[in-house]
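Heads up, the thing below is written out as structure tokens.
Read-outs throughout are calculated quantities, based only on the coordinates presented, and are distinct from any laboratory measurement. Predicted model, so just to flag it, every value in this text is computed and none were measured. A quick note on method: Cβ atoms are made from the backbone with ideal geometry, for glycine too, and the neighbour counts reach across all protein chains shown.
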Amino acid sequence: MSSQNIYILGIESSCDDTAASVIHNGKILSNVIASQKIHEEFGGVVPELASRAHQQNIVPVVHQALAKANITKSQLNAIAFTRGPGLMGSLLVGTSFAKSLAYGLNIPLIDVNHMQGHILAHFIDEEGFDKPPFPFLAMTISGGHTQIVQVDNYFDMTVIGETIDDAVGEAYDKSGKILGLGYPAGPEIDKRAQLGNPKAFQFTKPKVDGLNFSFSGLKTAILYFIQKEVKKNPNFIEEHLNDICASIQYTIIGILMDKLKVASKQTNIKHIAIGGGVSANSGIRNALKLGEQKFGWSTYIPKFEFTTDNAAMIAIVGYLKFLDDDFAEQNITASARLKI
Ligand code: KG4
Ligand code: ZN
């Protein structure tokens, strides 16, 4: 089959966003997301509620993705879906839907690793966004993951560092909870951080061997610090919120950058890409730009809509696998702890 006229539907349902996207060759025609608001009041994702919401959302989201792409399902060449990692109940909804649709349409099914999706999102054809050359380092930073991955080719990836406890987005969200901010707290902490003094308060960075990360100690340090200060001054948080946010952000970005610098030195790779919700963060974006000047890095930051969980990144992996004739069998199952 000619590689010039391939339509693939990508489906993502690994956490709390139900998403579908149509890709035509390397270009995204539609990228639809139904974000689940229901979790906000709980301050985090409730797995059972997430899978129920996926069940309600998946049919209309796929319909919309096809309509926006202006194609019918009979034009699709394959269905790509997130197999894992993620919440099992959520993954099951996307997996069974994708399997049935591919079976019904009699077209190939393509399983996608969500983490590879975050990384390969850089290969979506998008004006103004360069694709990183191989080999490059990818740092995936979100509410569910924190990894440094050496990418030697599309499907030749090695995790060289990862968190041993919380993900970096969790560190943001849990800090926000301590400060009484809404969920997810990352964007608000980032906004306030830009108005505050990053050196107002000091938090110790964790000592973790090699290229691994740890964020749970920082969360506890912030909690104890706030409890202590609020005892002395009940208005401490309101009076110093921007400075607190700036200091937390400064520490978190410092932790990420320290490891990235070591990773680049160790591997001698200077092409650095980021992905995941936290790559929207102004602190990490500025730090990477600084890295270009200081260490001669070339850095790659995806378009905002491809940083948070989305189906376009699943569709691009689907397209790359389609070109390789790398298809899944109908008896494939979801895998909550799927590795890269
Ligand atoms: O990739 P994503 O949408 O979903 C997961 O796979 O987790 O990432 C969501 C995470 C949340 O923890 C949120 O607080 C964080 O990304 N986040 C940010 C920013 N925007 C989103 N963290 C820091 N600064 C931001 N600007
Ligand atoms: Zn993700």
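Once the convex hull of all Cα atoms in segment 168-235 is built, its volume per residue stands at 104 Å³. Asp130 to Ser74: FRET efficiency via 1/(1 + (r/R0)^6), r the Cβ-Cβ distance, R0 30 Å, to the nearest 0.05? Efficiency computed from Cβ-Cβ geometry: 0.30.
Take the Cα of Ala336, step 7 Å toward its Cβ, do the same at Met88, and the gap between the two points is 0.4 nm.
Here's the picture: a label point sits 7 Å out from the Cα of Val159 along the beta-carbon direction, and within segment 202-220 the residues with their amide nitrogen under 14 Å of it are 211-214. Full extension of the chain between Val230 and Asp209 gives 4.2 nm of extra length, using 0.36 nm per residue less the Cα-Cα distance. The alpha carbons of segment 116-230 stretch over 51, 35, 24 Å along the principal axes, in descending order.
When every Cα-Cα distance of the chain is counted in 20 angstrom steps from zero, the calculated P(r) takes the values 32, 55, 13, 0 percent.
The convex hull around the C-alpha trace of segment 1-76, projected and averaged over every direction, spans 5.5 square nanometres.
Here the chain carries DSSP beta bridges of which approximately 60% are antiparallel, counting only pairs with both residues inside.
Extension gain, Glu305 to Glu292, is 2.3 nm, computed as 0.36 nm per intervening residue step minus the present C-alpha separation.
Shape analysis of segment 20-121 based on the Cα gyration tensor places the equivalent ellipsoid semi-axes at 24, 15, 14 Å, largest first.
Residue ranges 197-204, 57-64, 304-311 sort as 304-311, 57-64, 197-204 when ordered by packing (mean number of other C-beta atoms within 10 Å per residue, highest first). Ranked from largest, the principal axis spans of the Cα set of segment 235-300 equal 48, 20, 19 Å.
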